[in-house]
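This report concerns only the one structure given below.
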Amino acid sequence: MSLNRRTFVHGTAAGAAALALPGVTFAADTLRIGYVSPQTGPLAPFGEADKWVIEQMKAAFKGGLDVGGRKVAVEILLKDSQSNPNRAGEVANDLILKDRVALMLTAGTPETANPVSDACELNELPCVSSVVPWQPWFFGRKGDPAKGFAWTYHLFWGLEDVIANFTNGWKSMATNKKVGGLFPNDGDGNAWGDKELGFPKPLAGMGFTLTDPGRFQNGTQDFSAQIAAFKKEGCEIVTGVVIPPDAKTFLTQARQQGYKPKVITLGKALLFPGAIEALGDLGHGLSTEVWWSPSHPFASSLTKQSAAQLAAAYEASTKRQWTQPIGFAHALFEVAANALSRARSAKAADVRDAVAATSMNTVVGAVKWGGQGPFKNVSKTPLVLGQWVKGTKNKVELVIVNNEAAPSIPTGGKLALI
């Protein structure tokens with residue numbers, strides 16, 4: 001039988017429980033925040049900036065935090081999910097049951113955020129997650145819209161937002177409106193390709209014809225079947241949500257097999273400059289969703305840095321190009337600091353109540369649960385469309401090319417055919 005926190009409390013003396021329960025850390029003067037993300041494996045680009053952000057947070061929390069009227073030191077424990085859902089759940093349980101963190105943070109696709117959120121829900125520990133469209137996070141965890149979740153909260157955009165941005169871009173192009181879909185057999189792919197929740201229904205409603213050859217496994221070495229299907233149907237647009245190695249395989253094989261779509265707009269794979277550089281000239285002109293950039297008109301509640309200043313600080317410190325997850329890793333800690341400072345104590349229920357009552361501005365935009373999303377556990381953030389072009393400062397640069405869905409975020413150009 002699995003032993004969740006409530007069962008544990010009922011079966012143990014209160015004094016002993018206070019020492020072992022997740023979230024009860026006031027016996028010491030140090031409060032621990034857990035952070036789980038993919039540091040290694042195929043999803044590692046999502047966690048590339050996390051260590052830098054955590055170093056930044058150590059400086060921000062150097063003087064401690066006032067929690068429930070007490071000044072406490074803050075310790076951040078980073079764990080690697082290894083891009084593996086089982087591993088993500090294991091390290092989350094370690095943080096909860098062994099390290100007794102007061103609050104969990106997690107980000108980096110459903111393969112990490114979902115099992116971490118599930119572990120927190122089971123053990124009754126507050127968790128804030130991000131970098132997963134809300135549908136695979138909520139419905140992928142079998143969430144009930146009438147009830148929501150008790151302990152887990154999420155901030156990001158949804159499939160309706162990515163669909164709106166992709167199609168806003170496509171509508172501005174002269175194409176035959178025939179779209180080829182690349183949807184793998186994982187949390188994102190199954191959500192994006194879902195006939196009710198994903199791309200098929202809205203695309204049909206806008207006059208686009210979607211060709212979906214079916215699910216494939218991540219790490220596929222042969223996309224000949226998909227390419228043949230897209231060529232047969234005359235698809236001038238390709239979309240989907242794939243990991244970077246699969247994008248490279250598909251794009252390379254498409255060129256080899258004489259398939260040249262006019263527009264390629266992919267989620268996940270095209271987010272990171274390193275992945276685009278690895279594609280060489282195949283990367284120029286590809287488009288993707290932009291959830292955070294130096295152009296975003298927001299600032300950090302913790303460090304007061306603008307999005308542009310935060311990106312510049314990362315580049316100056318690491319000698320690497322800015323990457324989208326920087327903003328959301330930073331924002332998770334903004335929410336954590338804000339909630340903990342409002343919590344009545346470091347006890348799990350008090351921290352959870354403070355998280356639920358969050359209403360604040362962050363470096364990724366406003367965060368508010370219960371009014372800024374479809375369910376009480378989801379707070380939506382803005383999304384725009386970007387296109388990779390040959391750079392001046394860097395080898396490639398991501399330019400915002402459509403902001404119809406979020407006009408406050410300025411564009412730097414217009415979408416162009418490949």
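Quick note: the coordinates plus some simple rules give every number you see, no bench work behind them. Note that the coordinates shown come from a computational prediction; the quantities given were computed from them, not determined experimentally. Using ideal geometry, Cβ is built from the backbone for each residue, glycine included, and neighbour counts are taken over all protein chains shown.
For the reader, a short list of remarks on this structure follows.
- Among beta bridges identified by DSSP and lying wholly in the chain, the antiparallel ones come to about 35 percent.
- For Leu182, distant residues with modelled amide H under 5 Å away: Thr239, Gly240, Val241
- Calculated FRET efficiency, Ile418 to Ala59, Cβ-Cβ distance, R0 = 51 Å: about 0.75 to the nearest 0.05.
- Cα-derived Rg over Rh, computed across region 196-297 with Rh taken as Kirkwood radius: 0.96
- Solvent-free Debye calculation, one equal scatterer per alpha-carbon of region 123-191: log10 I(q)/I(0) at 0.16, 0.18, 0.21, 0.28 Å⁻¹ equals -0.69, -0.81, -0.98, -1.31.
- Highest to lowest packing among 292-300, 408-416, scored as the average C-beta count within 10 Å: 292-300, 408-416
- Calculated over the chain, the projected area of the Cα convex hull averaged across directions stands at 19.6 nm².
- For region 255-371: rounded, prolate or oblate by the Cα gyration tensor [a/c cutoff 1.5]: prolate
- Cross-link pairs beyond the 26 Å C-alpha cut-off, checked among Lys232/Lys262; Lys71/Lys98; Lys98/Lys376; Lys262/Lys319: Lys98/Lys376; Lys262/Lys319
- Peptide packing: for 272-284, 236-248, the average count of neighbouring Cβ atoms within 10 Å per residue gives the ranking 236-248, 272-284, highest mean first.
- Annotation: peptides 324-331, 84-91, 308-315, ranked by per-residue average of other Cβ atoms within 10 Å with the highest first, follow the order 324-331, 84-91, 308-315.
- Prolate/oblate/rounded call for region 286-326, Cα gyration tensor, a/c under 1.5 rounded: oblate
- Helix-only CD estimate at 222 nm, as mean residue ellipticity for the chain, using -39500 (n - 2.57) per DSSP H run (n ≥ 4): -10500 deg cm²/dmol
- Descending semi-axes in Å of region 187-227, equivalent ellipsoid built from Cα gyration tensor: 22, 13, 6
- Taking a straight Cα-Cα cut-off under 20 Å and skipping sequence neighbours fewer than 8 places away in the same chain, the lysines within cross-link reach of Lys201 are Lys171, Lys177, Lys178.
- Sparse-neighbour loop sites [trypsin sites (Lys or Arg not before Pro); region 257-305; at most 10 other C-beta within 10 Å; DSSP]: Lys304
- Dimensions of region 358-418 from C-alpha coordinates, computed as largest minus smallest value along each principal axis and given longest first, are 42, 22, 17 Å.
- Modelled this way, with points 7 Å down the Cα-to-C-beta line, the labels at Asp353 and Ala204 are 4.8 nm from one another.
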